[in-house]
Each structure stands twice: as C-alpha cells, then as structure tokens.
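No lab work stands behind these numbers, since they all come straight from the coordinates. Just so we're clear, the structure is a prediction, and the values are computed from it rather than from any experiment. Cβ: placed from backbone, ideal geometry, glycine included. Neighbour counts: every protein chain shown.
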Amino acid sequence: MSQSADLGPVLLLPESMLKLTGPGPRIVELCDGTRTLAGVIATLQSEFSDADPEMIRREVLAFLASLEERRALDFK
Amino acid sequence: MNFVPRALIAEVTHRCPLRCVYCSNPLEMRSRSEELTTAEWQRVFGEAAALGVLQLHLTGGEPLARPDAEQLVKAGRAAGLYVNLITSGIGLADARLEALVAAGLDHVQLSFQDAEQPQADEIAGTRAHAAKLDLAQRIRKHRIAFTMNIVVHRQNLGRLPEMIALAEQLQVDKLEVANVQYYGWAFENRARLLPTRDQVRETIAIVDAARERLKGRMRIDCVLPDYYARFPKACMGGWGQGLMLIDPAGVVLPCHAARVIPGLKFDDVRSKPLRWIWDESASFQRFRGEDWMQEPCRSCDRRTRDFGGCRCQAMMYTGDPDATDPVCSLAPQRGLIDAVIAEAAASPNWVYRINPANQSAPLPTSSF
C-alpha cells in the first residue's frame, strides 16, 4: 500500500494499482499476515460500531475475495 | 492539460546473455561505459517519485548484468516505488536472489521463451530454459509477487496449453501471454513471428477457458498482435501521458521505439531535470493532445481512447509519424499491414542479433 500525492491511498500490484476508498485502506492494513479473517472482521466491526456487523462481514469478504482474484492476497 | 507519469521503465543496461529473435531493444545499443551510475539512478528514482511515479520496472537488457542491481532495488524502494524486476534470470544464484528480496523487491517477472527446452533455447539463441525452471522454483519460496512472461508467436503458439500448464506447475501469481510486438529486432523477423488468424482465435479461446478454471489462483494477461485488430492499441496509454522509459545512458523516451521518429531530440537526465523533460521537452509534447492528428483520427470518436494508436508503427509503415496507425481498419494505409499478413505465410530463417554492448565488457561471472 502506498500514498499517492494526487490519488490518495493505492494498493500497488504487478503492473497495476487499485485506488483504495472508504474503509479499503484500513482493511488492507489489517491484512498483516498475522490476523485471521475472523480477527480482521471483528476489528472492523468494533471500529465501525454504528454499522450493521453482518453488512461489514459481507463487505469485507467480498472485498478480500476481489483482492484474491487479483492475486493481491492469499488466504492461509 | 496536466499529465502525471505513473510508471518508469528503467533500462539499466543493454547487456544481455540472451539474443532473442524478437528483442525489443533498439538496433543501436548502449555500451557499458555509457550506463548511468548507481548514484545517478538513485537521484532519478527520487525525481520520478516526486513527479507522481508509483511503479519502477527494472529491465534491460538483463538488469542483473549490473553488479549493483540490489542497490538499485533498494534505491527504488527508498524513493517509495513499487519495484518490479524484469529478468531472464540467467545465473541468478540463491544468495543474490535473497539479497534482492531483502533489498525490498516487490515483484519478479521471469521471461520464458517456450514450454519446451529445445524450442525455448532456439528462440533465446542460447541454453537458458533449464536454468529458468530451476530459478522459478526458488523464486516461489519467497513472499514476493511472481509473474511468468512468455512471448508467443507463430512458432510456439501451438504449445500454449503446455505453457499454461507450466505456469500452473510453477505456481506463479500471473501469467503474461504476450504476442511479440513488432519493433526493434522483432520487426526484422516479423514474417516468421506473426501468428495466423486461426492461431489468434484459438489463443483467445484457450486463454478464456484457462482464466475461468484458474480464477483466484492465477491471473492471465494476454496481448494479441495488433495487426489483426480492427482498432489500434492505446500505445503506452497515450504518448507522454502516464509512462516514461529511461535508457541505459539516461535518455528519457515516451516508449521503447520512439527513436524511429525522425526530428525528435530526446533529452537526458544527466543534463536536464526529469520534471522538465516530462513537462516541457519538445519530444514529450510532440503527440500529446489532439492537435497533431490527421483524418480519420481527428474526427474519430475513438481518438480519446486509442490516441490514434502507435506513432512509431505509423512511422515505420507510412513514413509519417502523424498518420493513423496503419493497423486501424479506418486507416488509409491498412493495406500495408494486410500485405505483411499475406507475406508471413513464407518463412525465412531467423536473423540473430549480435549484442555489441557485450563485446567491450563481458558479463561479470562471479557476481552474476
């Protein structure tokens, strides 16, 4: 993940990049290789306590699945 | 209009242990004595990052022919860039691979010439395939992004399923199935390299099926020959709009082939700041915007998407760098491309290049 002066937070990938918006940068930051998937979701649910926890869970799963498809992350 | 470069292609040397029949380096190569030093590259990476560049592609020639490749990786990372090493991998021992990863390398792109050794070695003009297979397994042990690049053409496209299987076996994150682009040395050999129309159709079907099957495990990028396209490629995302290339001696170019365009003076980072070259120099301004365009581009709806296609290809075929890219079905000179397609049925022998950059200074065998 990198901070671009004019684009804001971006996730740099082989010959491409993803502009991260909303909670995107925080989710990427939490995928640090030590947290479990459940741990990432629980952390976000506590940080965004106003939002529906089930919605957070669904959106995080969808976001991470899209990152996996782009080969930006591995589930272990 | 304000254009921000996002990627820097750094050709850190033209020296190379391979002599591929489709080499994209210019016909006139730089010698070792002309190459930018470590400190000069370091400064240039900083200037690039300040301009907005996010990605650094270390390439060549063979970038590992430079004994300071690890320092270049480190300098790229220190400038905040995502560092990609584009390599043939020849002679890359474990200790050096580890040093490159420790220096902060984000991504390795390893080139293959085929799935089968004899054919791969014929294309490379040297025995390289076995070493690449060995290296691929060692790269996979590291936590870095790993792309396998196979340059495809008429002679090897029949083995595309085997190439995909090899990429799967080597567990790469991304496979690039890249048709030869007919510039540099490849232009000389285009009659032997251009696939048939049936091969192109089959490629699309095979790649689509593999993408579906490998979803989530491996991405596949596929570059088709633009000679068969209805419309031209948006070459480099538009001239001087998002990308720049710096050659071993520090000359800054909008693309690999830009030197074929006559009358342009390309500035170098030893005498001018990179920001000035990007923003102000005549060569980068030359095809920005639409003022240079002729018909049919000038009034075409696609001009904002493909920017009239490739200026170098227009030059190489029509002698006019402002002409519509001749691959375009709307181009008045499309017949020139159709003639090449027809001519490609006959197969002359390969023309191997000689690498003059190697002759004055052989590769350092101890560190490489």
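Quick notes on this structure:
- Two-site FRET efficiency, B:K215 against B:D301, from Cβ-Cβ distance with R₀ of 35 Å, rounded to 0.05: 0.55
- Candidate cross-link partners of B:K132 among the lysines, defined by an alpha-carbon separation under 21 Å and a same-chain spacing of 8 or more, comprise B:K141, B:K174.
- Counting Cβ atoms of other protein chains within 10 Å of each Cβ in A:1-13 and taking the mean gives 4.
- With the highest mean first, a sort of the peptides B:201-207, B:17-23 on other beta-carbon atoms found within 10 angstrom per residue produces B:17-23, B:201-207.
- Among B:P161, B:M218, B:V269 - extreme Cα towards positive end, dipole of the protein assembly as shown, charges at beta-carbon: B:P161
- Which of A:T43, A:L73, A:P23, positive extreme of dipole for segment A:21-76 (C-beta unit charges): A:L73
- On the basis of the beta-carbon distance and an R0 of 51 Å, B:A50 and B:D198 show a calculated FRET efficiency of 0.55.
- Only helical runs count toward this figure. For the protein assembly as shown, summing -39,500 (n - 2.57) over DSSP H runs of n ≥ 4 and dividing by all residues gives -10500 deg cm²/dmol at 222 nm.
- Qualifying chymotrypsin sites (Phe, Trp or Tyr not before Pro) in segment B:247-311, DSSP loop, other Cβ atoms within 10 Å at most 16: B:W292
- Average beta-carbon neighbours from other chains, 10 Å sphere, peptide A:14-26: 3
- Peptide A:69-75 has a mean shielding of 4, counted as Cβ atoms of other protein chains within 10 Å of each residue's Cβ.
- Contact order for chain B, expressed relative to its length and based on alpha carbon pairs under 8 Å spaced 6+ residues apart, stands at 21 percent.
- Peptides B:124-130, B:246-252, B:298-304, ordered by how many other C-beta atoms sit within 10 Å of their residues on average, highest first, read B:246-252, B:124-130, B:298-304.
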